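Some notes on the structure that comes next.
Values in this text are rule-based calculations from the coordinates and carry no lab data. Fair warning: this is a prediction, and the values are worked out from it, not measured in the lab. Quick reminder, even Gly has a Cβ in these numbers, built from the backbone with ideal geometry, and neighbours come from all protein chains shown.
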Amino acid sequence: MTLRCELNINGGSRRVIIVGTDEETHEHLALRLAAAVLFFDGEPVEPGPSDHALADIGFVPDLMVPDGIGGIKVWVECGNVALNKLTKVARRIKDGRLVILKEDEPAGRRQREVLKKEVRNADKVEVWAWPREEFKRWNEALLESNYIYGEASGQTLNLVINEAAFSVDLISC
């Protein structure tokens, strides 16, 4: 599954292609696209395992915002993430942010509880969740080819995707 997207966000424009693996759900691709929009101004990338910034980490994020000097400004995970991965990434990212996007608030709250119990640097990890009905609409609005325009700031999206309007504040969990 592939999502081809023309993004016109915050006055800038960029073409983005989100290529999913056979195991990835449409919902996971929808979260990856949301991350690309939320972090648009930081010029996010989907790095590969050979990316220099990942050399000492041993894992690959769903999305990454480089810091411009060879490091990581923001590491983004979408949906379900292995606890082992979160533990190691939280420990190995020194100055960057670690953000997890979840499809609804209950999933975000469950993730936060697991982080509190199992991850030493849990306070360093941000968990953002969609309001359930808004994520359902977002997911349903996505086509193979998408046109998205509007504004994204922090955890807020004010935009139109394929003629469906969204004004959403993601919830911090």
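Can you put ASP104, ASP41 in order, fewest other beta carbons within 10 Å first?
ASP41, ASP104
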- request: Can you pull a Stokes-Einstein diffusion coefficient for segment 90-173 at 25 °C (0.890 mPa s), Rh from Kirkwood over Cα pairs, as a whole number of µm²/s?
  value: 174
message: For the pair ASP123/LYS85, report the inter-label distance in nm, with labels modelled 7 Å from Cα in the Cβ direction.
response: 2.6
field: Relative packing of 126-138, 50-62, which averages over residues the other C-beta atoms within 10 Å, highest first
entry: 126-138, 50-62
query: Between LEU143 and VAL160, what length comes free when the chain is fully extended (0.36 nm per residue of separation minus the Cα-Cα distance, one decimal in nm)?
result: 4.8 nm
- prompt: Looking only at segment 124-153, which residues have a backbone nitrogen under 15 Å from a spot 7 Å from the Cα of ARG109 in the C-beta direction?
  reply: 128-133
- request: Any lysines with Cα under 23 Å of the LYS136 Cα? List them, leaving off those in the same chain fewer than 8 positions away.
  value: LYS102
query: Using all Cα-Cα distances in the chain, what percent lands in each 10 angstrom bin from 0 up to the longest?
result: 10, 40, 38, 12, 0
